[in-house]
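Visitor: Mind having a look at this structure? Questions to follow.
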Amino acid sequence: MKDIKKAVIPVAGFGTRFLPFTKAMPKEMLPIIDKPTIQFIVEELVACGITDILLVTSSHANKRAIEDHFDQSIALEQMLTEKEKFIELKEINEISNLANIHYIRQKEIKGLGDAILCAESFIGDEPFAVILGDDIVVNDNEPVIGQLIKTYQKFNTSILGTQEVLIEDINKYGIVQLEKKKKDGKIIDIIEKPSLNIAPSNNAVLGRYILTPTIFKYLKVQKPGMGNEIQLTDAIKSLLNEEDVHICNFIGKRYDIGDKLGFIKAIIDFSLKDQNLSCDVYKYLEEIINDRNGE
Ligand code: UTP
């Protein structure tokens, strides 16, 4: 069995749910207090032994800001050295040394499946990890990609990270049907954003995958599906005819940063965990609630 050393993070999308911010700024740079979303994702991959990461970017919305974030900043480092701000200097240095980060542009923003296809020559003949560029999951004991890699080591197949979602949210995700209801069950069907009456379960694929390179064969011939986009879900459905695919029902608190409410929840939770901020934020939240209750 091959080790998982490479990962792909698609960051090319338009981010329409976050307009007007995403007119000229990538949503993957939305800060969770002071750290951009994309850095959480790269750190998760690095913590799980990934050494080479491909970011699939586009010419839209200054995606170059992402490249700058992971690059060295000589002028900034010089200034921090001169001012003896060594803690900040160390932090800045660490960001540019996290992993080997590579970039490719998705020429036309045609959907997640097409973005993953852009990674074919980078990946070659190896299984690889995928995390969506706007999806943070917190698990302080075991990062989610580590949970997926363990499941991959058990079955040697593609693995989709899933969690059960509320019935009203089923039509936002790829939904799987399992052979048997198990936390690492085998998938027998998968449908992108089904309506409730045809949804086979409430088990949703949430932004994290281990894929075998066979997926590229199906992505290459995949026709546009839901939303007229080339869907990764549809290519995975075709992959099921050739290879087994399992889920990993992962443990962790997920934040969809590309969604306004998901972003707000992340800011609140992360600030309440920050020892320099938590007291003041908590006090402020209490004030708001008391005002609303007329106290
Ligand atoms: P989303 O569907 O959440 O991103 O795709 P979006 O299309 O940018 O956002 P909305 O729905 O319009 O608000 C999940 C991830 O896949 C990337 C996005 O950048 C995001 O990180 N993506 C999506 C691509 O890289 N290419 C695409 O063609 C589509």
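The values are calculated or read from the model by the stated rules, or taken from the named source; none is laboratory data. Keep in mind that this is a model prediction, so the values were computed, not measured. Cβ atoms come from the backbone with ideal geometry, glycine included; neighbour counts cover every protein chain shown. Ligands, DNA and RNA are stripped out before the accessible areas are found, and what is left, the full protein with its side chains, is counted by its heavy atoms. Shrake-Rupley method; radii C 1.70, N 1.55, O 1.52, S 1.80 Å.
Visitor: What residue, among those in region 40-60 that are open to solvent by 20 Å² or more (accessible area, probe 1.4 Å) and under 18 Å from Ile104 (Cα atoms), is farthest from the ligand (Cβ to nearest atom)?
Guide: Looking at residues that are open to solvent by 20 Å² or more (accessible area, probe 1.4 Å) and under 18 Å from Ile104 (Cα atoms), I get Thr51.
Visitor: May I pose another question? When you scan region 100-111, do you find a residue that is more than 16 Å from the ligand (Cβ to nearest atom) and either at pLDDT 95 or above or assigned to a helix (DSSP H, G or I) (or both), even just one?
Guide: Looking for residues that are more than 16 Å from the ligand (Cβ to nearest atom) and either at pLDDT 95 or above or assigned to a helix (DSSP H, G or I) (or both), one finds at least one in region 100-111, hence yes.
Visitor: Can you tell me which residue within region 9-23, out of those that are more than 7 Å from the ligand (Cβ to nearest atom) and not in a strand (DSSP E or B), is most open to solvent (accessible area, probe 1.4 Å)?
Guide: So the residue we want is Lys23.
Visitor: For region 165-200, give me the residue count where each residue is open to solvent by less than 90 Å² (accessible area, probe 1.4 Å), touching a strand residue (DSSP E or B) at 6+ places or on another chain (Cβ under 9 Å) and more than 17 Å from Ala235 (Cα to Cα).
Guide: Within region 165-200, residues that are open to solvent by less than 90 Å² (accessible area, probe 1.4 Å), touching a strand residue (DSSP E or B) at 6+ places or on another chain (Cβ under 9 Å) and more than 17 Å from Ala235 (Cα to Cα) number 8.
Visitor: For region 111-138, give me each residue that is surrounded by fewer than 18 Cβ atoms within 10 Å (Cβ to Cβ) and of a type in the set (D, E, K, R).
Guide: Scanning region 111-138 gives Glu120, Asp125, Glu126.
Visitor: Further question on the same structure: Taking region 25-39 on its own, how many of its residues are away from the ligand (no atom under 14 Å from the Cβ) and open to solvent by 40 Å² or more (accessible area, probe 1.4 Å)?
Guide: So the count comes out to 4.
Visitor: With the checklist (1) within 27 Å of Pro36 (Cβ to Cβ); (2) buried (at least 21 other Cβ atoms within 10 Å of the Cβ) in hand, flag the one item Glu142 doesn't pass.
Guide: Result: Glu142 passes all but (2).
Visitor: Does region 67-74 include one or more residues that are surrounded by 12 or more Cβ atoms within 10 Å (Cβ to Cβ), among the aromatic types (Phe, Trp, Tyr) and under 29 Å from Gln275 (Cβ atoms)?
Guide: Yes, region 67-74 has at least one match.
Visitor: Can you work out which of the residues in region 61-76 that are part of a helix (DSSP H, G or I), touching a helix residue (DSSP H, G or I) at 6+ places or on another chain (Cβ under 8 Å) and more than 14 Å from the ligand (Cβ to nearest atom) is farthest from Ile4 (Cα to Cα)?
Guide: Leu76
Visitor: Which of (1) modelled with pLDDT of 95 or more; (2) open to solvent by 50 Å² or more (accessible area, probe 1.4 Å); (3) farther than 18 Å from Leu132 by Cα; (4) part of a helix (DSSP H, G or I) is the odd one out, the single condition Leu89 does not satisfy?
Guide: (2)
Visitor: Name the residue that is nearest to Lys253 (Cα to Cα), counting only residues in region 150-164 that are open to solvent by 20 Å² or more (accessible area, probe 1.4 Å) and of a type outside the set (S, T, N, Q).
Guide: Glu164
Visitor: Further question: Mind listing whichever residues of region 202-221 are in contact with a Gly (Cβ under 8 Å, 6 or more places away or on another chain) and either among the charged types (D, E, K, R) or at pLDDT 95 or above (or both)?
Guide: Hits for region 202-221 are Ala204, Val205, Leu206, Arg208, Tyr209, Pro213, Leu219.
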